Amino acid sequence: MEKTKVLYEGKAKIVYETDDPEKLIVYFKDDATAGNGEKHGTINGKGAINNEMSAFFFNLLKTHGIQSHFVEKISDREMVVKMLRMIALEVVVRNVAAGSLAKRLGLPEGTPLKTPVLEYDYKNDELGDPLLNRYHIMVLDIARVHELDEIEHIAFSVNQILINFLKAKNIRLIDFKLEFGRDSKDRIVLADEISPDNCRFWDMATNEKLDKDRFRHDMGGVEEAYKEMLHRVTA
Ligand code: ADP
Ligand code: TMP
């Protein structure tokens, strides 16, 4: 399969069209941003780690009956995916208070949540990715009710599968962000990536952060954390 042209260059990945009209090649970069693009940096080796970890998790989910856009990993930093019409939502699932939820609700970081919490953010850089509820999503015509039902079902299933898998690796799944698209038959399909860029992973025993929060908050040991997570996941 050959890359033909750049379809889109984002903050962390480049998406290429290919000679197959239904397939894209995603290239994972080392670039990192935080705070809606205000902070820029590089995390050496991140692209290869996120490509490998995402491929691993999409394969794991497949064995549990969850289909995704993932087709195959073709190089260190590239995977082939099914082309989707993306839905402009960031679907966040949380098990433990951290980040924007801890701030918004005044909960100390690390507070276990009585029930997993699902949130929608509008994927819209100009507006700063605001929080949306189902009514906002209807008004903006982003997705239909039955599609949100399907998205929530998949998101909570992914949560349970990842929690169980990561527990055996001594990792607590604090929260994560998923993206979804529609395929040619309008089916909802899980897309994008699953990596330390878009998940919070804490060591079970020490609560050490093994994810992008180390970059967001200038904590040091960023590359080491990404390497450690890949090692634990794939070992
Ligand atoms: P961002 O847009 O947030 O800067 P990235 O740098 O991660 O994000 O760029 C990847 C882009 O590719 C995202 O906009 C994402 O929504 C989109 N994308 C992910 N999977 C697919 C897919 N299967 N088909 C089409 N677009 C996709
Ligand atoms: P938040 O606490 O900052 O809202 O983040 C919740 C989760 O979503 C966390 O695992 C990081 C991830 N996330 C992204 O992947 N992209 C984003 O733009 C944001 C804000 C969060």
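The values are calculated or read from the model by the stated rules, or taken from the named source; none is laboratory data. Just so we're clear, the structure is a prediction, and the values are computed from it rather than from any experiment. Don't worry about glycine lacking a Cβ; one is built from the backbone with ideal geometry, like all the others, and counts go over all protein chains shown. Please note that ligands, DNA and RNA were not included when accessible areas were found on the heavy atoms of the full protein model with its side chains. Shrake-Rupley method; radii C 1.70, N 1.55, O 1.52, S 1.80 Å.
Among all residue pairs at least 6 apart or on different chains, which show Cβ distances below 8 Å where the first residue, located in region 158-181, is without any contact (Cβ under 8 Å) to a residue 40 or more places away in the chain and more than 9 Å from ligand 2 (Cβ to nearest atom) and the second is of a type in the set (A, V, I, L, M, F, W, C) and open to solvent by 20 Å² or more (accessible area, probe 1.4 Å)? These pairs meet every condition: LYS167/MET204. The set of residues in region 88-110 being farther than 25 Å from LEU190 by Cβ and either exposed (fewer than 14 other Cβ atoms within 10 Å of the Cβ) or within 16 Å of ligand 1 (Cβ to nearest atom) (or both) consists of LYS103, ARG104, LEU105, GLY106, PRO108, GLY110. Here ASP125 clears all of (1) at pLDDT 95 or above; (2) within 16 Å of ligand 2 (Cβ to nearest atom) except the condition numbered (1).
Does GLU126 fit the bill of being closer than 26 Å to LEU210 by Cβ, open to solvent by 40 Å² or more (accessible area, probe 1.4 Å), without any contact (Cβ under 8 Å) to a residue 24 or more places away in the chain and of a type outside the set (A, V, I, L, M, F, W, C)? First the steps, then the outcome.
On the way: closer than 26 Å to LEU210 by Cβ: no; open to solvent by 40 Å² or more (accessible area, probe 1.4 Å): yes; without any contact (Cβ under 8 Å) to a residue 24 or more places away in the chain: yes; of a type outside the set (A, V, I, L, M, F, W, C): yes.
In short, no.
Candidates in region 155-167 are the residues that are out of contact with any strand residue (DSSP E or B) (no Cβ under 8 Å at 6 or more places or on another chain) and not polar (S, T, N, Q); of these, the one that is nearest to THR63 (Cα to Cα) is ILE161.
Is it the case that ALA143 is farther than 15 Å from VAL93 by Cα, modelled with pLDDT of 95 or more and open to solvent by 20 Å² or more (accessible area, probe 1.4 Å)? Taking the combined requirement at face value, the residue does not satisfy it. For region 189-209, filtering for residues that are within 17 Å of the chain's Cα centre (by Cα), over 21 Å from GLY37 (Cα atoms) and away from ligand 1 (no atom under 12 Å from the Cβ) leaves 3. Take ARG85 and decide whether it is open to solvent by 60 Å² or more (accessible area, probe 1.4 Å) and within 11 Å of ligand 1 (Cβ to nearest atom). Yes: the conditions hold for ARG85. For ALA102, are the conditions met, namely being at pLDDT 95 or above, in a helix (DSSP H, G or I) and in contact with a Gly (Cβ under 9 Å, 6 or more places away or on another chain)? It is true that ALA102 is at pLDDT 95 or above, in a helix (DSSP H, G or I) and in contact with a Gly (Cβ under 9 Å, 6 or more places away or on another chain). The residues of region 148-181 that are touching a helix residue (DSSP H, G or I) at 6+ places or on another chain (Cβ under 8 Å) and either assigned to a strand (DSSP E or B) or open to solvent by 80 Å² or more (accessible area, probe 1.4 Å) (or both), listed by number, are ASN170, ILE171, ARG172, LEU173, ASP175, PHE176, LEU178, PHE180.
One residue stands out among those in region 203-228 that are surrounded by fewer than 22 Cβ atoms within 10 Å (Cβ to Cβ) and of a type in the set (A, V, I, L, M, F, W, C): the one that is nearest to ARG172 (Cα to Cα), which is MET204.
Specify the residue that is least open to solvent (accessible area, probe 1.4 Å); the eligible residues are those in region 53-77 that are assigned to a strand (DSSP E or B) and in contact with a Lys or Arg (Cβ under 9 Å, 6 or more places away or on another chain). Reasoning before the result, please.
Residues of region 53-77 assigned to a strand (DSSP E or B): 68, 70-75.
Retained after the next criterion (residues that are in contact with a Lys or Arg (Cβ under 9 Å, 6 or more places away or on another chain)): 68, 70-71.
Numbers: SER68: 12, PHE70: 29, VAL71: 59 Å².
Filtering first and then ranking leaves SER68.
The residue of region 30-45 that is least open to solvent (accessible area, probe 1.4 Å), among those that are within 15 Å of ligand 2 (Cβ to nearest atom) and assigned to a loop (DSSP other than H, G, I, E, B), is ILE43.
On the basis of being in contact with a strand residue (DSSP E or B) (Cβ under 9 Å, 6 or more places away or on another chain) and on the phi > 0 side of the Ramachandran plot, does ASN170 make the cut?
Values: in contact with a strand residue (DSSP E or B) (Cβ under 9 Å, 6 or more places away or on another chain): yes; on the phi > 0 side of the Ramachandran plot: yes.
It is true that ASN170 is in contact with a strand residue (DSSP E or B) (Cβ under 9 Å, 6 or more places away or on another chain) and on the phi > 0 side of the Ramachandran plot.
Only residues that are touching a residue at least 12 places away in the same chain (Cβ under 8 Å), open to solvent by 20 Å² or more (accessible area, probe 1.4 Å) and more than 17 Å from the chain's Cα centre (by Cα) were counted across region 1-29, and they come to 13.
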